[in-house]
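The structure appears below as structure tokens.
The values are calculated or read from the model by the stated rules, or taken from the named source; none is laboratory data. In this text the structure is predicted, and so the values were computed from the model without any measurement. Positions of Cβ are backbone-derived with ideal geometry, glycine not excepted, and every protein chain shown enters the neighbour counts.
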Amino acid sequence: MPLPRLSNTRALQTYQLMRAGAGIVTGVFLTKTALSTADIGIWESLLFLGSLVVFTGVNGFLQGITPIFTPLNATQRTAFITQVFTLFFGIGLALFLLFVGTGSYLIPALTGLPDVPGYFWFSLYLWFNIGSLPVEILYLLQNRPLSIVVWGIVGFGGQIAAVCLPVMLGYGIVTGVQWLCVLGFIKFIWAFGLVVQHGQWSFGNLTSLKQYLQISTPLALNSFTGNLIQLFDHWLVGFWFANPAVFALYRYGSREFPWASALTTALGTAAVPGLTAQPETGMSDLKQRTTRLLHAVMPVTIIMLVVTPYLFPVVFSPDFQPSAVLFQIYLLVTMSRVLLPNSVLIGLQETKVIFYTGLGELVLKIITGLAFVQWWGLEGIAWSVVVSFWFEKLVLMLYLWSQKGISPQRWLPVQWFLLYSGLLMAAFFWCR
């Protein structure tokens with residue numbers, strides 16, 4: 001029997017699973033070493049700074065590549081590839097200089113710690129890494145799913161090795177971050193090679209780049225807004241509890257289910273080219289793929305919700321038992337995560353509404369976070385995340401329906417969604 005064809009969607013889902021798996025494997029490994037909870041909190045602070053940089057605007061610029069690239073002719077595409085990679089290199093350099101120049105102020109402001117060991121090396125790694133981020137999107141647009149998987153193996157497999165091996169050999173986290181710099185440089189050289197092979201060093205006509213910036217800027221601002229939400233949560237934990245150990249507990253519990261977020265993110269990214277080229281066909285295809293996504297994600301999420309209290313002390317350590325309750329609450333985010341009105345709007349190049357909705361989400365998150373932490377502590381912060389996520393998705397769905405005449409039934413299997421959402425909520429309250 002022939003093996004199933006590796007599609008772009010499957011390749012991106014595999015890639016996102018590798019991304020999530022690299023973080024999980026690294027986190028589990030560190031809890032099994034001699035590192036203290038406070039030391040792990042320092043490592044989590046570095047990761048927090050890294051995620052803030054990578055997805056503060058940069059993720060929005062990644063999302064904007066596809067709707068501009070798809071309608072271009074061959075000559076325009078080669079110039080656009082070079083321009084986009086140059087832009088990402090410049091963003092990485094600017095953020096590196098910003099972080100190095102303002103580290104003495106930025107670290108206490110964002111983490112509550114006076115200093116974070118390995119901060120310079122991690123900033124250098126981020127510069128190299130940001131410069132290589134468009135590679136996965138380029139492979140998607142070139143219809144090279146196997147290359148996406150290979151790129152993920154090199155990047156995320158190398159990430160695990162770079163962090164874990166030095167700790168295992170007794171060299172510590174800082175050496176691991178230095179190894180990450182080497183990995184980041186290798187990825188950057190890989191990206192540069194792709195530009196030389198497929199791009200054209202032409203900056204005379206910037207029409208496509210200008211259109212790209214018009215589409216991407218609201219998405220970048222929305223990414224920035226989303227990270228302000230994350231930043232607010234971590235500030236609130238630090239301000240309210242003022243304990244690095246509690247910070248680590250919150251970081252380990254306040255995670256979406258990687259299986260669900262990886263598959264959903266990949267589907268949303270892979271759907272945009274079709275939604276841009278042929279919206280009606282793209283929405284029909286998205287509905288079918290979302291049905292398969294629900295069958296793959298929701299049963300596993302329900303099972304995970306039930307077993308989490310027993311799993312956390314085994315996978316991590318008994319010290320992280322309080323994180324299990326937070327993770328159970330975060331599993332409820334899956335119900336809103338599988339809704340993909342964002343992808344439909346990006347395909348239609350309607351990106352401003354995504355940003356404005358993100359601003360509303362930020363305001364709601366701050367209000368509910370400040371209120372809920374007083375009533376329910378760390379659990380209250382997690383609940384405020386669930387509320388704000390639902391706000392974003394419902395507003396975007398309402399906009400599509402009222403302003404564009406696109407009802408949820410056209411891109412979402414509503415019956416399956418309601419069934420699985422009801423089962424997940426029933427499992428949650430049964431576990432409580």
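Sub-8 Å Cβ pairs linking a first residue in the stretch 404-417 that is touching a residue at least 40 places away in the same chain (Cβ under 8 Å) and buried (at least 18 other Cβ atoms within 10 Å of the Cβ) to a second residue that is in a helix (DSSP H, G or I) and among the aromatic types (F, W, Y), at least 6 apart or interchain, number zero.
Condition check for F417 on (1) at pLDDT below 90; (2) under 25 Å from G282 (Cβ atoms); (3) not polar (S, T, N, Q): one failure, at (1). So which pairs qualify, if the first residue must be in the stretch 222-241 and farther than 28 Å from K352 by Cβ and outside the structural domain of L370 (by TED's automatic domain parsing), the second must be modelled with pLDDT of 75 or more and outside any helix (DSSP H, G or I), the Cβ gap must be under 9 Å, and the two must be at least 6 apart or on different chains? Close Cβ pairs (under 9 Å, with a partner that is modelled with pLDDT of 75 or more and outside any helix (DSSP H, G or I)) amount to W240/G377; F241/G377. Comparison of T70, T86 shows that the only residue that is closer than 18 Å to F188 by Cβ and of a type in the set (S, T, N, Q) is T86. Scanning the stretch 243-277 for residues that are outside any helix (DSSP H, G or I), modelled with pLDDT of 70 or more and not hydroxyl-bearing (S, T, Y) gives R255, E256, F257. Would you check if there is a residue in the stretch 333-356 being without any contact (Cβ under 8 Å) to a residue 24 or more places away in the chain, within 24 Å of I24 (Cβ to Cβ) and surrounded by fewer than 21 Cβ atoms within 10 Å (Cβ to Cβ)? No, the stretch 333-356 contains no residue that is without any contact (Cβ under 8 Å) to a residue 24 or more places away in the chain, within 24 Å of I24 (Cβ to Cβ) and surrounded by fewer than 21 Cβ atoms within 10 Å (Cβ to Cβ).
Among the residues in the stretch 388-402, are any touching a residue at least 60 places away in the same chain (Cβ under 8 Å) and within 21 Å of G358 (Cβ to Cβ)? Within the stretch 388-402, one or more residues are touching a residue at least 60 places away in the same chain (Cβ under 8 Å) and within 21 Å of G358 (Cβ to Cβ). Looking across T368, T281, one residue alone is free of Cβ contacts under 8 Å to residues at least 24 places away in the same chain, closer than 26 Å to T9 by Cβ and more than 22 Å from the chain's Cα centre (by Cα). It is T281.
When L362, L311, L339 are checked against the criterion of being part of a helix (DSSP H, G or I), closer than 26 Å to N59 by Cβ and not assigned by TED's automatic domain parsing to the domain that holds Y139, a single residue qualifies: L362. For F320, the criteria (1) modelled with pLDDT of 85 or more; (2) assigned to a helix (DSSP H, G or I) hold in every case but one, which is (1).
Can you pull out the residues in the stretch 402-414 that are in a helix (DSSP H, G or I) and either modelled with pLDDT of 95 or more or more than 17 Å from L340 (Cβ to Cβ) (or both)? Once the filter is applied, which keeps residues that are in a helix (DSSP H, G or I) and either modelled with pLDDT of 95 or more or more than 17 Å from L340 (Cβ to Cβ) (or both), the stretch 402-414 yields S402, Q403.
Can you run down the residue pairs with Cβ atoms below 6 Å, 6 or more apart or on separate chains, where the first is in the stretch 102-130 and among the hydroxyl-bearing types (S, T, Y) and the partner is buried (at least 17 other Cβ atoms within 10 Å of the Cβ) and modelled with pLDDT under 85? The qualifying pairs are T111/S45; S123/F99. Exactly one residue out of L378, L345, L332 is at pLDDT 90 or above, over 28 Å from L213 (Cα atoms) and either in contact with a strand residue (DSSP E or B) (Cβ under 9 Å, 6 or more places away or on another chain) or not basic (K, R) (or both), and it is L332.
Checking S208, S132, S147 one by one, the residue that is closer than 24 Å to F80 by Cβ, at pLDDT below 85 and of a type in the set (S, T, Y) is S208 and no other.
The requirement of being at pLDDT below 80, of a type outside the set (G, A, S) and farther than 18 Å from Q159 by Cα is fulfilled nowhere in the stretch 20-28; no residue meets it. Looking at the stretch 141-210, the helices (runs of 4 or more DSSP H) lying wholly inside it that each contain 1 or more residues that are of a type in the set (S, T, N, Q), closer than 18 Å to M18 by Cβ and in contact with a helix residue (DSSP H, G or I) (Cβ under 6 Å, 6 or more places away or on another chain) sit at 145-152, 158-168.
Applying the set (1) in contact (Cβ under 8 Å) with a residue 12 or more places away in the chain; (2) within 26 Å of F128 (Cβ to Cβ); (3) among the hydrophobic types (A, V, I, L, M, F, W, C); (4) surrounded by fewer than 20 Cβ atoms within 10 Å (Cβ to Cβ) to V195 leaves exactly one unmet item: (4).
In this entry, N143 is excluded by the filter for residues that are among the polar types (S, T, N, Q) and touching a Leu at 6+ places or on another chain (Cβ under 9 Å).
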